[in-house]
Amino acid sequence: MTATPYSASGAMPKAGRGAADTGPRITAFETFATPLVGFVRLTTEDGAQGWGQVSTYNADITAQVFHRQVAPWALGRGIDALEEIVAEIPEREHKYPGTYLMRALAGLDTAAWDWRGKALGKPVAELLGGSAGEIRAYASSMRRDITPEAEAERMLRLRDAHGFDAFKVRVGAECGHDVDEWPGRTEAIVPAMRRAMGAGAALLVDGNSGFSPARAIEVGRMLEAEGYEHFEEPCRYWKLEETAEVARALDIDVAGGEQDWDLENWRRMIEMRAVDIVQPDILYLGGMTRSMQVARMGAEAGLPCTPHAANLSLVTLFTMHLMRALPLPGRYLEFSIEGPDYYPWQDELFVESPYDITDGRARVTDAPGWGVEIAPEWLSKSTYQKSEADA
Ligand SMILES: [Mg+2]
């Protein structure tokens, strides 16, 4: 498919070229998508390629946004202009602010970083100023439909099998307005996890926008009494003042920001200290370039960055590279523990999985780019689309 962008005037917008447009010209973008996952392949005029990913979920819709509103602004540009292109697209598409544009932009950005890594023979972490190596991971539960006893039991199994020493469970209910998943679950799971995992374990919880400030502060006091160290998204995430009120009242670190895709909103959050830990999701936010910007903003204000990475598509690998390069990294990498029963689509995405936790740690290898290969069988079953530059 040739790019056919539409504008109000009906005129075909053209990507402009400027002083930053050095390096090989970007000549093609291909997407390989299912409703759940979408990969992007970028090709330059010399035939070199890089692989990236748009955000998971409604990835087929995101692929349409990608070809219509992202690819046209990058085709024909020099690969060195990536940072300029990433800054320009939200302005060119300013009538369409929101998550879909950023989910799509992330596909361009992450493919370009892989291209750069492969061109230089270095892992992306190194290009961002970091290095290959290990990252402490925390075992992250995605479930609330699980009893405190069953949750503690599987965390113990994971500790023994992989050496995890940090664990996150869910409290409240998603956008729950102070109504728990079932009555008393929060009061039960907080002490149950501490009893099961012992005094030395790092314990975290995620409220997923579940609480009012008053209830969040009450839950926070319970967490503090049990020595928890991370209270994520206590209040409705779009109510920055509510989260700020909770962060001010509590000693425990309040974390948040996974849904936030707007850099200006990030600036406000950091300025008002709505959170103690910033948690951008690389693929919701628009890629590595923008995530490094948020991490730097946080670091300048003294706030560490513990990105959100809730599944084992490429987002966790991107996060591993980012964490190895962050100016002020958080204590650990979020590592989803859910298996095929919860995420049946995760399997068979890669020729070789980049996700192995040993001694509680994940590893960024020194392979060029992301250091991973998408499985050809998976690609052959996905929906394919291509946008190409004019000759
Ligand atoms: Mg969360």
Inset, instruction - Determine, yes or no, whether THR2 is in contact with a strand residue (DSSP E or B) (Cβ under 8 Å, 6 or more places away or on another chain) and modelled with pLDDT of 95 or more. - result: no
Inset, instruction - From PHE335, PHE350, PHE318, grab the single residue that is more than 16 Å from the ligand (Cβ to nearest atom) and either buried (at least 22 other Cβ atoms within 10 Å of the Cβ) or in contact (Cβ under 8 Å) with a residue 60 or more places away in the chain (or both). - result: PHE318
Legend entry - Those residues of the stretch 228-251 which are loosely packed, with under 14 Cβ neighbours inside 10 Å and in contact with a helix residue (DSSP H, G or I) (Cβ under 7 Å, 6 or more places away or on another chain), in sequence order: ASP251
Inset, instruction - Starting from the stretch 287-313, keep only residues that are in contact (Cβ under 8 Å) with a residue 60 or more places away in the chain and on the phi > 0 side of the Ramachandran plot, then list their pairs with residues that are in a loop (DSSP other than H, G, I, E, B) and more than 14 Å from the ligand (Cβ to nearest atom) whose Cβ atoms are within a distance under 7 Å, requiring at least 6 positions of separation or different chains. - result: none
Inset, instruction - For TRP73, work out the one condition from (1) closer than 17 Å to GLN53 by Cβ; (2) crowded, with 20+ Cβ neighbours inside 10 Å it doesn't fulfil. - result: (1)
Legend entry - Residues being closer than 22 Å to ASP80 by Cα and of a type in the set (Val, Ile, Thr) - total across the stretch 277-311: 3
Legend entry - Selected residue (criterion: surrounded by the fewest Cβ atoms within 10 Å (Cβ to Cβ)) from residues of the stretch 31-58 that are over 21 Å from GLU348 (Cα atoms) and among the polar types (S, T, N, Q): GLN49
Legend entry - Some residue of the stretch 321-339 being under 17 Å from ILE374 (Cα atoms), among the charged types (D, E, K, R) and assigned by TED's automatic domain parsing to the domain that holds LEU263: no
Inset, instruction - Quickly run through the stretch 182-194 and pick out the residues that are out of contact with any strand residue (DSSP E or B) (no Cβ under 8 Å at 6 or more places or on another chain) and touching a residue at least 24 places away in the same chain (Cβ under 8 Å). - result: ARG185, THR186, GLU187, ALA188, PRO191, ALA192
Inset, instruction - Could you tell me which residue of the stretch 197-241 is nearest to MET155 (Cα to Cα), considering only residues that are away from the ligand (no atom under 16 Å from the Cβ) and charged (D, E, K, R)? - result: GLU226
Legend entry - Which numbered condition LEU312 fails, given (1) touching a helix residue (DSSP H, G or I) at 6+ places or on another chain (Cβ under 6 Å); (2) at pLDDT below 95: (2)
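How many residues are part of a loop (DSSP other than H, G, I, E, B), within 13 Å of the ligand (Cβ to nearest atom) and either surrounded by fewer than 20 Cβ atoms within 10 Å (Cβ to Cβ) or within 14 Å of the chain's Cα centre (by Cα) (or both) when one looks only at the stretch 252-283?
Residues meeting the conditions: 7.
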Inset, instruction - Can you tell me which residue among ILE61, ILE26 is crowded, with 22+ Cβ neighbours inside 10 Å, among the β-branched types (Val, Ile, Thr), modelled with pLDDT of 95 or more and not in a loop (DSSP other than H, G, I, E, B)? - result: ILE26
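Taking the conditions exactly as written (farther than 17 Å from LEU204 by Cα and among the hydroxyl-bearing types (Ser, Thr, Tyr)), does THR306 satisfy them or not?
no
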Legend entry - Unmet requirement for ALA310, which otherwise passes all of (1) buried (at least 24 other Cβ atoms within 10 Å of the Cβ); (2) within 16 Å of the ligand (Cβ to nearest atom); (3) aliphatic (A, V, I, L, M): (1)
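The values are calculated or read from the model by the stated rules, or taken from the named source; none is laboratory data. On a predicted model such as this, the values are computed, not experimentally measured, just so you know. Using ideal geometry, Cβ is built from the backbone for each residue, glycine included, and neighbour counts are taken over all protein chains shown.
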